[in-house]
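Student: There's a structure below that I have some questions on.
The values are calculated or read from the model by the stated rules, or taken from the named source; none is laboratory data. Source: prediction; values computed, not measured. With ideal geometry, Cβ positions are generated from the backbone for all residues, glycine too; neighbour counts draw on all protein chains shown.
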C-alpha cells in the first residue's frame with residue numbers, strides 16, 4: 001500500500017522537478033508554489049532536489065573507474081614501488097584510445113590523454129571562449145605543462161574555421177619567440193574533433209600581483225621595481241618583434257621566479273588573448289571586452305589594439321607597482337575612456353613624494369591617450385624608467401626604504417584572541433607539550449644522499465654562513481577546539497603549546513623576512529617500512545601555484561584558504577601521538593625537496609610514497625635536529641632566527 | 001578455453017535478453033572474472049601514465065567474452081548492463097577494502113583531508129553512493145540502473161536507452177533527477 005503511494009508521489013515529484021527546470025529561473029518559485037497548491041511537503045521535496053541538482057553538477061562527471069583507478073594506482077605504487085612496470089596491454093592501446101569513444105566534440109576531463117602524451121590533470125582556467133588545463137607530459141617525467149584550447153562552444157560558430165586559423169597563426173608566432181622572459185610554447189596538437197591545442201611551459205612562482213601592496217602607503221622598493229620593469233620591457237619587446245601582442249597584460253599574468261638573489265620575470269597567458277578577443281568581437285557582443293579593463297588602453301577599449309596598447313598596460317602596471325594604486329579607478333568602461341582622455345590627474349609623486357620626477361614623466365608618457373605619443377617600444381619605455389628610478393639623486397630614500405623592508409616582522413596573525421587562550425590555558429591546565437625546535441643548517445650532507453630514480457639532481461653544497469642578512473621565520477598557529485565539545489569557543493591563535501584532542505583543528509600562518517623558498521612537511525609518528533610517513537603540506541599545486549618561492553613579508557597560510565571556511569583547517573583525528581611539522585626555509589630552491597613536493601598532488605594525497613625519498617628526508621631532518629636556531633615568542637607568533645641560508649624549524653603537535 | 005567461454009557468455013547473454021533471468025546469475029561470475037582481470041591491467045597502464053576509460057575497459061571485455069558474429073547490437077547493450085553491475089561490485093568492494101586497510105593503521109594521524117586537493121580527486125564516496133543507490137532502487141529501479149550504467153560503466157545515454165527501450169531523452173531526465181536525489185541522500189547521511 002505504502003509502496004504504491006510512494007510511487008505515485010515519486011512520479012509527481014519527478015514531473016514537477018523537470019517542469020521547474022524547464023521553467024524560467026525567475027519564475028520557478030512562483031510556478032512551484034502554484035503547482036504544489038499548498039502541499040508544503042511536496043514543495044520542500046522538489047526544492048531540495050533542485051538545490052541538490054546544482055550542487056551535484058560535476059560530482060559524477062568523471063566516471064567511477066577513472067576516479068578510483070588513480071587512487072588504486074597510488075596504493076599500488078606505494079605497496080610495490082620496485083616492481084618493474086609491465087604493460088602487457090600495449091597492443092590494445094591504439095584501438096582503445098580515447099578518441100574512438102568521443103565522437104563529435106570532446107570534453108576533456110581529468111584522466112584524458114592527449115596525443116598519447118599529455119595527461120589532463122585538472123582545469124585551471126575557463127573563459128567564454130578558451131579553456132586552460134594543467135596536464136602532465138609523460139615523455140618528460142610527468143613534467144607539468146599548461147594546455148590551452150578554444151572552448152567547445154565555438155564549434156557551433158559559423159566562423160570557427162577562421163578562429164582556428166587565427167589561433168594557429170598565433171601559436172606559431174608564439175613559438176618563434178625565444179626569450180627567457182616569455183613563457184615557452186612547447187607543442188601544438190589537434191584534438192580528434194579538429195580543435196587545435198597549444199602546450200605551454202608551466203610557470204611556477206608568484207605573480208606580480210602578490211607583491212603589489214594594494215592601496216599601500218608606499219609602493220615597491222625603487223631598485224626592485226626598476227629591475228622587474230626592465231625585464232618586462234625586454235620580454236614584451238621580444239614578443240612584439242615577432243608580431244605578437246599580449247593584449248591582456250596585468251600583474252596576474254606576470255610571474256616572478258626567484259633564483260638566488262635575483263628575480264626573473266616571465267610573461268604568461270600570451271597569444272591566446274588575441275584570439276579570444278577576436279572571437280569575442282566576432283561573436284557579435286562588440287560592447288563586451290574580454291578580461292579586466294583596468295590595464296587596457298583607450299584604443300583597445302575601442303577595439304583597435306596594437307603593440308602600443310601593451311606599452312600603455314605596462315605604464316599602468318608601473319604606476320601601480322610604485323604607488324600601490326592604478327591611475328584610473330572607474331566603474332564603467334565609458335567612464336574609464338573619459339578619464340583616459342582627460343589624462344592622469346593624480347600624479348605618482350602626489351602619492352609617493354619621494355619618487356623621482358623624471359620617473360613620473362616617463363610613466364605619464366607611456367600613459368598618453370594617443371598611441372603615437374607613447375614610447376616606440378616597450379624596452380625604450382622601461383629602460384628610461386629604470387634609469388630614472390635608479391639614478392635618482394635621492395638615494396636617501398632608497399636606504400630608508402630598504403631598512404623598512406627588512407624590518408617587517410611578518411604579517412599579523414589572522415585571528416588573535418590571546419586573552420581567551422590564556423584564560424583557558426590556566427583554567428584547564430593544559431599540558432604544554434607543543435614545543436618547537438629549529439635547526440640552523442650549514443649542513444646539507446644529508447641532502448647528498450637524496451636520490452630519486454627519476455631525478456638525480458642533488459642540492460648544491462651550501463655556503464658556510466657568512467655575513468648574511470638575518471632571516472626570521474615566524475609562524476602562528478590558529479586553533480579551533482573540537483566544535484562538538486566546545487561549541488561556543490571561537491578560534492584563537494597560539495604561539496606556544498597545547499595538548500590537542502580529537503576533532504581539534506589547526507592552521508598555520510607563516511612568513512619570512514627574506515625572499516626565499518619555503519617547504520612544509522608533516523611527519524607522522526607511525527612508521528612504514530621502518531621509516532616515518534611524510535606528508536607535503538606546502539607547496540601544493542593549489543597553494544602558491546605549486547611553487548615554494550615566497551617573498552619577504554608575504555604570508556603563507558596552510559591549509560590554503562578556500563571558499564568554504566570549514567575546510568581551512570587540519571583536523572586532528574583519534575590517533576594519539578605526536579606529529580612533527582617541519583618548517584624549512586632556504587634562500588635557494590632545494591632540488592631534493594622540489595622532488596618530494598611532487599607527491600603533494602591529489603593522487604598521492606600529499607603522502608610521500610617513495611621509500612628512497614623518505615629515507616633521505618628522514619636523514620636530512622635528523623641531521624638538523626641537534627642544532628637549534630634562536631627562538632622567540634612575540635606578539636602571538638613564534639619566531640626563528642638565522643643568519644645562515646637554511647633554516648629548519650620544528651613544531652610538535654601532541655595529541656591525546 | 002577462450003572459445004568455449006566466449007560461446008558460453010554469448011549463449012547466456014542471448015538467453016537473458018530473451019527473458020531467462022537465471023542466465024544472469026551464471027553470467028555475472030564470468031563477466032566479473034574478466035573485468036577484474038582487465039581492471040588490474042588497466043591500473044598498471046594508469047601507472048604508466050596511460051589514460052583510463054571505463055568504456056574502453058568494458059569494450060575490451062566485450063570483445064574478449066562475446067562471440068560478436070552471433071550477437072546483435074541489442075545484446076551488446078545487454079552485456080554492458082551486466083558489466084555495469086559488475087563494475088559497481090568491483091569498485092565498491094575495492095573502496096571497502098581500502099577503507100578497512102586505513103582503519104588498520106594506515107590512516108594519517110592528522111587527517112589532512114583538507115590539505116591537498118583530495119576533494120576534487122575523490123569526488124564521490126563510492127560506499128556512500130552504493131548505499132544511496134540501493135535506496136534509490138527501492139523507489140525507482142530504472143534510475144538506479146541508469147546511474148550504474150553511466151557512472152560505473154561509462155555507457156552513453158543512447159546505449160542505456162537501448163537497454164531499457166526508452167528514448168535517450170528519458171534516460172537523460174532519469175540521470176538528471178537521479179544525480180540530484182543521490183547527492184541529497186548522500187549529504188543527508
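Student: All but one of (1) modelled with pLDDT of 60 or more; (2) surrounded by 17 or more Cβ atoms within 10 Å (Cβ to Cβ) hold for residue A:21, so report the exception by its number.
Tutor: Every condition holds for residue A:21 apart from (2).
Student: Looking only at residues in region A:304-327 that are part of a loop (DSSP other than H, G, I, E, B) and buried (at least 21 other Cβ atoms within 10 Å of the Cβ), which one is nearest to the chain's Cα centre (by Cα)?
Tutor: Filtering region A:304-327 for residues that are part of a loop (DSSP other than H, G, I, E, B) and buried (at least 21 other Cβ atoms within 10 Å of the Cβ), the one nearest to the chain's Cα centre (by Cα) comes out as A:327.
Student: Among A:353, A:393, A:413, which is farther than 23 Å from residue A:247 by Cβ, surrounded by 19 or more Cβ atoms within 10 Å (Cβ to Cβ) and modelled with pLDDT under 90?
Tutor: The unique qualifying residue is A:413.
Student: Separate question: Looking at (1) part of a helix (DSSP H, G or I); (2) at pLDDT below 80, which one does residue A:225 not meet, given that it meets all the others?
Tutor: (2)
Student: Does region A:338-349 include one or more residues that are modelled with pLDDT under 85, over 30 Å from the mean Cα position of the chain (by Cα) and over 23 Å from residue A:227 (Cβ atoms)?
Tutor: Yes; the residues of region A:338-349 include at least one that is modelled with pLDDT under 85, over 30 Å from the mean Cα position of the chain (by Cα) and over 23 Å from residue A:227 (Cβ atoms).
Student: While we're here: Do we have any residue at all in region A:24-42 that's out of contact with any helix residue (DSSP H, G or I) (no Cβ under 8 Å at 6 or more places or on another chain), within 14 Å of chain B (Cβ to nearest Cβ) and exposed (fewer than 13 other Cβ atoms within 10 Å of the Cβ)?
Tutor: Scanning region A:24-42 turns up no residue that is out of contact with any helix residue (DSSP H, G or I) (no Cβ under 8 Å at 6 or more places or on another chain), within 14 Å of chain B (Cβ to nearest Cβ) and exposed (fewer than 13 other Cβ atoms within 10 Å of the Cβ).
Student: Restricting the first residue to region A:548-561 and requiring it to be closer than 15 Å to residue A:207 by Cα, which pairs with a second residue that is surrounded by fewer than 19 Cβ atoms within 10 Å (Cβ to Cβ) and at pLDDT 80 or above meet a Cβ separation below 7 Å and a spacing of at least six or different chains?
Tutor: Close Cβ pairs satisfying both conditions: A:549/A:257; A:554/A:210.
Student: Hey, could you check region A:328-337 for residues that are assigned to a helix (DSSP H, G or I) and surrounded by fewer than 18 Cβ atoms within 10 Å (Cβ to Cβ) and say which is modelled with the highest pLDDT?
Tutor: Going through the qualifying residues, I end up with A:335.
Student: Across region A:239-250, what is the number of residues that are buried (at least 20 other Cβ atoms within 10 Å of the Cβ) and not in a loop (DSSP other than H, G, I, E, B)?
Tutor: Residues in region A:239-250 being buried (at least 20 other Cβ atoms within 10 Å of the Cβ) and not in a loop (DSSP other than H, G, I, E, B): 2 in total.
Student: Applying the selection to region A:360-370, what residues are more than 32 Å from the chain's Cα centre (by Cα) and assigned to a helix (DSSP H, G or I)?
Tutor: A:360, A:361, A:362, A:364, A:365, listed by residue number.
Student: Can I ask one more? Within region B:158-167, is even one residue in contact with a helix residue (DSSP H, G or I) (Cβ under 7 Å, 6 or more places away or on another chain), at pLDDT below 85, within 21 Å of residue B:31 (Cβ to Cβ) and at the interface with chain A (Cβ under 9 Å from one of its Cβ atoms)?
Tutor: So far as region B:158-167 goes, no, none of its residues is in contact with a helix residue (DSSP H, G or I) (Cβ under 7 Å, 6 or more places away or on another chain), at pLDDT below 85, within 21 Å of residue B:31 (Cβ to Cβ) and at the interface with chain A (Cβ under 9 Å from one of its Cβ atoms).
Student: On to the next question. Given region A:545-656, what strands (runs of 3 or more DSSP E) lie entirely inside it while holding 3 or more residues that are within 11 Å of chain B (Cβ to nearest Cβ) and either at pLDDT below 70 or surrounded by fewer than 22 Cβ atoms within 10 Å (Cβ to Cβ) (or both)?
Tutor: A:577-586
Student: May I ask you to verify whether residue A:317 is modelled with pLDDT of 90 or more and over 17 Å from residue A:253 (Cα atoms)?
Tutor: Against the criterion (modelled with pLDDT of 90 or more and over 17 Å from residue A:253 (Cα atoms)), residue A:317 does not qualify.
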